[in-house]
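J.: If you scroll down you'll find the structure; I have some questions about it.
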Amino acid sequence: MGKTILVLDKDQQFRKLIVPLFESRGHKVVQADNGRSGKDAVDHEKPDLIVVGSPLPDVSGIQWVEQIRNIGHQMEIVFVACDKTELQEVRSVLKDWNICMSASKPLIPFVFGAQVECQFANDKSAEAQKQKLKDFETMFLALVSKYARVLPEKLTALAQAIDKSKADPTRKELLEEVRGEAHKIKGTGGSLGFRKVGEHMDFIETSAVIMLEKNDNERDMMWAEIDRRLVEAQIDGEQEAKDVMEMVQGKEDDSPSEHQPAMARIMVVDEDVGFLEIVEQLGKERLVEIVKATTQDDALSKAAIYPLDAALINIITETPETGFQLARDLRALPGYDNLPLAFISGNALVKNRVEGAHAGASLYLDKPFESDSLEKAVHHLVAIRQGGRPRVLVCDDDEFFGNTVALVLRNEGMIVRTLNDPNSIIETMQEFPPDMLLLDVMMPGVTGFEVCRMLRLIPRWQDLPIIFLTGQTGVEARVEAFRCGGDDYLPKPVVNEELLTRVKVRLDRAKMLRERSDKDTITGLLLRRAFSEQLSAILAESQRIKSNFSICLLDVDHFKKVNDAHGHLAGDRVLAGLGQLLSRRFRVDDLRGRWGGEEFILAFRREKKEIIHKAVTRALEEFRETPFKSDDGQEFFCSFSGGLATFPDDGESIFELVQASDKRLYRAKKEGRNRIIVEGEVEAAASH
């Protein structure tokens with residue numbers, strides 16, 4: 001829930017910098033520029049937190065805090081000194097006035113926003129959220145400090161490009177090299193907090209673009225100004241780098257100096273703490289973030305805080321149902337219908353495989369497992385995830401910039417892949433199908449506009465949201481971004497909160513349109529057309545790798561009687577209830593669809609019908625024990641019938657498999673309903 005924040009600072013530019021940080025997170029922000037108006041805002045708005053910048057025009061920041069405390073106001077206060085000297089001078093009295101956090105200018109806005117957000121995390125469940133924000137701060141600052149160390153090299157490379165171009169000023173390719181070097185430093189440096197350096201690079205980049213249009217005298221004047229700007233950039237860069245290094249001093253011991261963002265976040269649930277530590281170490285070696293949990297409650301609590309890519313649950317041979325129930329509980333959490341699951345077990349009995357398929361396990365891993373096993377499992381589980389956390393591909397030839405964007409998006413729960421070579425984008429998107437593409441405009445060999453046009457010719461990517469990242473903000477560049485098929489553009493350097501807002505809006509809109517097109521509004525399952533398209537892909541995969549898959553047609557028993565006796569709204573509730581049950585059960589990579597009317601269809605990758613028969617029967621047992629209410633409030637129960645078929649045993653085409661499954665469904669109805677038929681075997685279920 002949003003809070004009310006008072007930002008009290010005489011510096012309008014500082015307020016413009018940090019107010020959007022809080023507003024984008026859903027907080028109400030009140031602004032004041034002097035002590036008197038700040039006090040009035042406290043009396044009228046009753047803010048939950050105050051950010052006090054010092055000095056104020058009519059009083060020092062500390063004196064204003066003292067006045068507020070003396071009249072009884074006890075809200076949280078964040079004190080921002082004008083520089084490190086002032087912060088050092090007042091540090092001894094900060095505790096006296098119960099100041100919860102202090103900082104000094106200049107600061108990195110996005111990190112400052114994360115630090116302030118931590119002040120709202122004060123209950124037990126929020127402690128993990130607070131730690132998450134702290135972890136992000138540490139990783140972001142590690143990336144910034146790494147860039148501070150290489151910035152002098154990048155400025156030297158730019159200086160060399162300028163010297164070459166000055167020696168032969170009519171060669172367009174040499175000016176393009178100057179432009180490209182300046183563009184990279186502007187985009188990455190500006191996004192990481194090197195504001196003054198970014199401003200100098202913007203001038204140099206713009207000058208390189210228009211240089212050939214000028215006469216000799218004008219070019220000489222421009223080169224002189226470029227030289228001056230480059231010298232200032234080197235001086236300002238040294239100071240800004242020094243500020244950054246001081247900011248991260250004391251934090252580098254807690255984080256690797258060469259930070260690389262994890263490729264996935266996996267929860268591992270096991271009561272053996274020693275085993276969890278081993279898995280955590282394996283995760284670090286394979287760039288996998290491990291969220292450790294030792295109990296069911298611990299696992300559910302952390303799953304509600306940390307966006308997960310998958311979960312690995314230890315199944316104890318003596319009490320396997322505990323692990324299976326945790327899997328079902330995790331899949332019941334909001335947003336986790338499609339959470340990929342793997343079970344860790346040293347005893348993969350047939351019964352456990354049936355329970356595992358019913359609970360949603362896509363993999364069984366033997367305990368103990370090796371590093372390679374973990375890496376393969378992670379790749380498999382992340383690859384099969386459908387829905388849930390959005391997948392974003394960032395294509396930018398500047399590795400630092402790509403990692404910066406990736407870190408910001410990952411902190412919001414997105415699955416992000418970075419690509420530095422646009423020439424391999426098709427292969428990458430086949431391996432990692434994104435929900436959104438963030439695309440740099442200026443790249444070597446091919447422009448982002450050309451990449452976008454190419455993608456729009458491929459039917460699969462015609463509706464993919466594409467946002468351009470560009471330092472070109474002129475009308476011509478903006479028009480070209482939309483003309484080639486882009487959906488939006490963001491100027492470099494990127495403001496992180498604006499990046500998040502635009503990405504989220506586009507992702508939400510694309511998801512809404514996709515679900516309207518592909519999913520049934522009552523059951524939430526795939527419609528027949530969308531299901532058939534995905535089933536065709538499973539068939540092609542099975543033919544290629546020579547594997548099995550099974551389908552099951554289901555039909556709600558006596559559905560016409562349900563509508564007649566209990567009302568059509570009650571009938572809809574039955575369909576919705578069965579849709580929800582099928583969504584939470586089985587594996588993420590299994591398909592669920594509404595075939596039409598009261599008919600449903602399921603598809604199970606890499607499984608024969610004998611195993612799936614038992615898992616679907618378990619779902620039938622659950623469904624017939626689910627109570628429904630008629631339109632007049634009376635309780636009633638339902639069941640369903642089904643028929644199973646397996647590729648290639650029962651057919652080598654979708655038509656043949658559906659036909660075989662439909663014949664067994666018809667036989668199930670004829671035999672008395674409330675049962676699943678597989679081949680010639682009839683396994684009747686007791687009537688409710």
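J.: Can you give me the C-alpha center-to-center distance between the range 495-557 and the range 164-213, rounded to a whole angstrom?
T.: 44 Å
J.: OK, next. Note the angle between two axes, namely the Cα long axis of helix 528-545 and the longest principal axis of the Cα atoms of the chain, as a number of degrees from 0 to 90, rounded to the nearest 10.
T.: Approximately 90 degrees, to the nearest ten.
J.: Sticking with this structure for a sec: If you plug each phi of the range 487-492 into the Karplus form 6.51 cos²θ - 1.76 cosθ + 1.60 with θ = phi - 60°, what whole-Hz ³J(HN,Hα) values come out, in order, with x for Gly and Pro?
T.: Taking θ as phi minus 60°, the curve returns 9, 6, 8, 10, x, 8 Hz for the range 487-492.
J.: Another one. Taking amide hydrogens as modeled 1.01 Å from N in the peptide plane, which residues meet the under 5 Å criterion relative to SER104, leaving out close sequence neighbours?
T.: Amide H neighbours of SER104: ALA81.
J.: Suppose the chain between ASP216 and GLN659 were pulled fully straight at 0.36 nm per residue; how much longer would it get relative to their current alpha carbon spacing? If you can, show how the numbers build up before the last one.
T.: Numbers: separation 443, 0.36 × 443 = 159.48 nm, distance 7.96 nm.
Length gained between ASP216 and GLN659: 151.5 nm.
J.: Please give the peptides 461-469, 30-38, 621-629 ranked by average Cβ packing (other Cβ atoms within 10 Å per residue), highest first, as a rough proxy for protection. Don't skip to the end; give the middle numbers.
T.: Numbers: 461-469: 20.1, 30-38: 18.4, 621-629: 14.6.
Per-residue mean Cβ counts within 10 Å order the peptides as 461-469, 30-38, 621-629.
J.: Using Cα atoms only, what is the angle between the long axis of helix 609-624 and the major principal axis of the chain, expressed in degrees (0 to 90) to the nearest 10?
T.: For helix 609-624, the angle is close to 90 degrees.
J.: So, by mean Cβ neighbours within 10 angstrom, what's the order for 422-433, 587-598, 176-187 with the highest one leading? Please report the intermediate quantities before stating the final value.
T.: Working: 422-433: 14.6, 587-598: 20.3, 176-187: 24.1.
Highest to lowest by the protection proxy: 176-187, 587-598, 422-433.
J.: So, one more: Read phi for every residue in the range 291-306 and hand back ³J(HN,Hα) as whole Hz from Karplus 6.51 cos²θ - 1.76 cosθ + 1.60, θ = phi - 60°, with x for Gly and Pro.
T.: The phi angles translate into 9, 8, 9, 10, 9, 4, 4, 4, 5, 5, 5, 6, 5, 6, 9, 9 Hz.
J.: OK, next. Can you work out ³J(HN,Hα) from phi for every residue in the range 426-431, in order, using Karplus 6.51 cos²θ - 1.76 cosθ + 1.60 and θ = phi - 60°, giving whole Hz and x for Gly and Pro?
T.: Karplus-based 3J(HN,Hα) across the range 426-431 equals 5, 4, 5, 6, 6, 6 Hz.
J.: Under the rule of at least 5 residues apart or a separate chain, name every residue whose amide H is placed under 5 Å from the amide H of GLU679.
T.: LEU644
J.: Which whole-number percent is the relative contact order of the chain (Cα, under 8 Å, 6+ apart)?
T.: So the answer I get is 8 percent.
J.: Can you pick out the pairs among LYS154/LYS242; LYS16/LYS46; LYS560/LYS669; LYS629/LYS669 whose Cα atoms lie more than 18 Å from each other?
T.: Working: LYS154/LYS242 16 Å; LYS16/LYS46 22 Å; LYS560/LYS669 14 Å; LYS629/LYS669 24 Å.
Result: LYS16/LYS46; LYS629/LYS669 exceed 18 Å.
J.: Can I ask one more? Quick check on packing: order 95-104, 332-341, 391-400 by the mean number of other C-beta atoms within 10 Å, highest mean leading. Mind showing how you got there, number by number?
T.: Numbers: 95-104: 15.3, 332-341: 17.8, 391-400: 21.4.
Answer by packing, highest mean first, reads 391-400, 332-341, 95-104.
J.: When the helix-only estimate is applied to the chain (DSSP H runs of n ≥ 4, each -39,500 (n - 2.57), divided by the residue count), what is the mean residue ellipticity at 222 nm, nearest 500 deg cm²/dmol? All intermediate terms of the calculation are to be shown ahead of the outcome.
T.: Numbers: 24 runs with 362 residues, N = 688.
For the chain, the value works out to -17000 deg cm²/dmol.
J.: Related question: May I ask for the angle, rounded to the nearest 10°, between helix 216-248 and the longest principal axis of the chain, with both axes built from Cα atoms and the value confined to 0 to 90°?
T.: Between helix and principal axis, roughly 70 degrees.
J.: While we're on this one: Could you state the number of Å between the C-alpha centres of the range 75-100 and the range 225-239?
T.: Answer, in whole Å: 33.
J.: Considering amide H positions built from the backbone, and no H for Pro or chain starts, which residues 5 or more places from LEU56, or on another chain, come under 5 Å of its amide H?
T.: GLY61
Just so you know, all these numbers are worked out from the coordinates, no wet-lab data involved. Source: prediction; values computed, not measured. Don't worry about glycine lacking a Cβ; one is built from the backbone with ideal geometry, like all the others, and counts go over all protein chains shown.
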